[in-house]
Amino acid sequence: MTNNLPILYSFRRCPYAIRARMAIIYAGIPVEIREVELKNKPEHLLAISPKGTVPVLQLTNGTVIEESLDIMRWALAQHDPEHWLDFNIEADRLIKWNDGDFRQYLDRYKYADRYPDFSQTYYRQQAEVFLTELEARLLHYRYLCGGDFSLADAAIFPFIRQFASVDEQWFRASAFKALNNWLQAILATELFALVMAK
């Protein structure tokens, strides 16, 4: 079976889905976006990706890409006009940190009642180790890997957005001033508006 367009199964607020959509829209690749109700996942999604998590991209030839970073790299391989991949080695290090330890503590910070072993403040402080690294970089550069927006910015931004939303007042008043400015600048872009359009 072939489709006229690649099909992207997505969930609007999921940070993994957000970064996949960012790369696809930036690359100018037309896709059919199918918003998933997480409590009522479509049979086709489960048929092509039994793990049932989003994002999942099915190409027109039937190939299925199940990981958000793989979807991003696939999109950028088609078209990367502003060279997001130029900082690939450094971007990979930051993204692995984001997707590993930081994501773990972000989940616990956001849903602290589900993880009663430690306080919400403890989980936030553990997450701040990564934020401190980002802040240090942004004190010297406009973006995480230098003067230009790169894969690292697109891949990490949705998670910093989620972290900030847990306690927006705390985040705005925190010592992470450069990170705040970086976040607000991306939130104000046309790209982000397109990514989040309903």
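A few comments on the model shown:
- Restricting attention to the range 31-53, the residues that are assigned to a strand (DSSP E or B) and of a type in the set (Gly, Ala, Ser) total 0.
- Number of positions in the range 139-198 that are among the aromatic types (Phe, Trp, Tyr), under 18 Å from Pro81 (Cβ atoms) and not in a loop (DSSP other than H, G, I, E, B): 2
- Pairs, first polar (S, T, N, Q) in the range 81-106, second modelled with pLDDT of 90 or more, C-beta under 8 Å, six or more apart: Asn88/Leu151; Asn98/Phe130; Asn98/Ala155; Asn98/Ile156; Asn98/Phe159
- For Tyr16: the one exception among (1) among the hydroxyl-bearing types (Ser, Thr, Tyr); (2) closer than 20 Å to Ala197 by Cβ; (3) surrounded by fewer than 16 Cβ atoms within 10 Å (Cβ to Cβ): (3)
- Any hit, the range 10-19, residues being part of a strand (DSSP E or B), in contact with a Lys or Arg (Cβ under 9 Å, 6 or more places away or on another chain), within 30 Å of Leu131 (Cα to Cα) and modelled with pLDDT of 95 or more: yes
- If you filter the range 166-198 down to residues that are among the polar types (S, T, N, Q) and open to solvent by 60 Å² or more (accessible area, probe 1.4 Å), you find that the one that is farthest from the chain's Cα centre (by Cα) is Gln169.
- Residues of the range 66-85 that are under 20 Å from Phe149 (Cβ atoms) and surrounded by 15 or more Cβ atoms within 10 Å (Cβ to Cβ): Ser68, Leu69, Ile71, Met72, Arg73, Trp74, Ala75, Leu76, Asp80, Trp84.
- Residue list for the range 115-138, filter: surrounded by 13 or more Cβ atoms within 10 Å (Cβ to Cβ) and among the aliphatic types (A, V, I, L, M): Ala127, Leu131, Leu134, Leu138
- Verdict on Leu45 being surrounded by 13 or more Cβ atoms within 10 Å (Cβ to Cβ) and without any contact (Cβ under 8 Å) to a residue 40 or more places away in the chain: yes
- Residue in the range 101-114 that is in a loop (DSSP other than H, G, I, E, B), of a type in the set (Asp, Glu) and either open to solvent by less than 70 Å² (accessible area, probe 1.4 Å) or within 29 Å of Asp167 (Cα to Cα) (or both) present: no
- Test: residue in the range 55-65 that is closer than 30 Å to Leu138 by Cα and open to solvent by less than 50 Å² (accessible area, probe 1.4 Å): yes
- Tally of residues being in a loop (DSSP other than H, G, I, E, B) and either under 16 Å from the mean Cα position of the chain (by Cα) or of a type in the set (D, E, K, R) (or both) across the range 54-100: 6
- So Ile89, is it closer than 22 Å to Ala155 by Cβ and modelled with pLDDT under 95: yes
The values are calculated or read from the model by the stated rules, or taken from the named source; none is laboratory data. Nothing here was measured: the structure is a model prediction, and the numbers come from that model. FYI the Cβ positions are ideal-geometry reconstructions off the backbone, even for glycines, and counts take in every protein chain you see. Only protein heavy atoms, including side chains, enter the accessible area calculation; ligands, DNA and RNA are left aside. Shrake-Rupley method; radii C 1.70, N 1.55, O 1.52, S 1.80 Å.
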